[in-house]
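Trainee: The following block contains the structure, expressed as structure tokens.
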Amino acid sequence: DTAVSQTPKYLVTQMGNDKSIKCEQNLGHDTMYWYKQDSKKFLKIMFSYNNKELIINETVPNRFSPKSPDKAHLNLHINSLELGDSAVYFCASRTAPTDTQYFGPGTRLTVL
Amino acid sequence: AQSVSQHNHHVILSEAASLELGCNYSYGGTVNLFWYVQYPGQHLQLLLKYFSGDPLVKGIKGFEAEFIKSKFSFNLRKPSVQWSDTAEYFCAVLIYNQGGKLIFGQGTELSVKP
């Protein structure tokens, strides 16, 4: 009964490819997030959706496109992958605006 | 711009030593404060949080943190660390009027020698 799940766990791909990462939460939360953790372990928010509506978009290249088919799912699609996109991507969710965020297990993306 | 600063990049301790990890943030408005832990190869887990009330908060695994508003600080402490505490520790600040955006510090790697 995983609360926040992500697939795949590992993703290795070539530069220029397009890939997607999926996230699902079964906590009944209204808001979901994508964070990027770089090679130095620094975590930075990328996007947030509340009830399928985009509420945070943090100067992320438009090659990254989040999609929320319903409030339990937030997927991340990345076009034309670049070496610098290599990172661990974490999905998170929360209920109230100021409440605790619960993180998924992460997806390690490696671009060759 | 808002930021979170963790004082130590890498801390090495022996088992049973006491731990204090510093965290300062720069924002004058209302915030919620968190410490998350990331064990090797795992996802972030909540250690403890401060929303309001008693500025001394207790978390899991014997950790505690003290919010000092005048110093914009939220330092993490544990009186006696164990080898199993080896992990990366992240301080994070949630800004109320920015959609619940969490701003993370750069993380502190804790290595505990058995």
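Trainee: For the protein assembly as shown, what is the largest minus smallest coordinate of the Cα atoms on each principal axis, given in angstrom and ordered from greatest to least?
Mentor: 48, 38, 37
Trainee: Within a Cβ distance under 15 Å of A:ALA92, other residues only, what is the Lys/Arg minus Asp/Glu net charge?
Mentor: Cβ neighbours under 15 Å give a net charge of +3.
Trainee: Let me ask you something else. Based on the Cβ-Cβ distance from B:SER18 to A:LYS44, what FRET efficiency comes out when R0 is 30 Å, to the nearest 0.05?
Mentor: The computed FRET efficiency comes out at 0.45.
Trainee: While we're on this one: Can you pull the mean other chain C-beta count within 10 Å for peptide A:39-49?
Mentor: Average neighbour count from other chains, rounded to a whole number: 4.
Trainee: While we're here: Aspartates and glutamates within cross-link reach of B:LYS69: Cα-Cα under 17 Å, excluding same-chain residues under 8 positions apart?
Mentor: Excluding near neighbours in sequence, the set is B:ASP54.
Trainee: Once you list every other residue whose beta carbon is under 15 Å from the beta carbon of B:GLY28, what net charge do they have if Lys and Arg are +1 and Asp and Glu are -1?
Mentor: +2
Trainee: Sticking to Cα atoms, compute the Rg of chain B to one decimal and its Dmax as the biggest Cα-Cα distance, whole number, in Å.
Mentor: Looking at chain B, its Cα Rg and Dmax stand at 13.6, 44 Å.
Trainee: Along the Cα-to-Cβ line of B:TRP83, 7 Å from the Cα, sits a label point; which residues in region B:1-37 have backbone N less than 20 Å from it?
Mentor: Within reach of a label on B:TRP83: B:11-19.
Trainee: Additional query: Given R₀ = 30 Å, what would the calculated FRET efficiency be for B:HIS7 paired with A:ASP99, taking r from the Cβ atoms and rounding to 0.05?
Mentor: That gives a FRET efficiency of 0.65.
Trainee: For A:ASP18, what is the net charge nearby, where nearby means another residue's Cβ is under 15 Å from its Cβ and Lys, Arg count +1, Asp, Glu -1?
Mentor: Once positives and negatives cancel, what remains is +2.
Trainee: List the extent of the Cα atoms of chain A along each of their three principal axes, largest first, rounded to whole Å.
Mentor: For chain A, the Cα spread along each principal axis is 38, 27, 26 Å.
Values quoted throughout were computed directly from the atomic coordinates according to the rules given, and no laboratory measurement underlies them. Quick caveat: nothing in here was measured; it's all calculated off a predicted structure. All Cβ positions, even for glycine, are placed from backbone atoms using ideal geometry, and neighbour counts span all protein chains on display.
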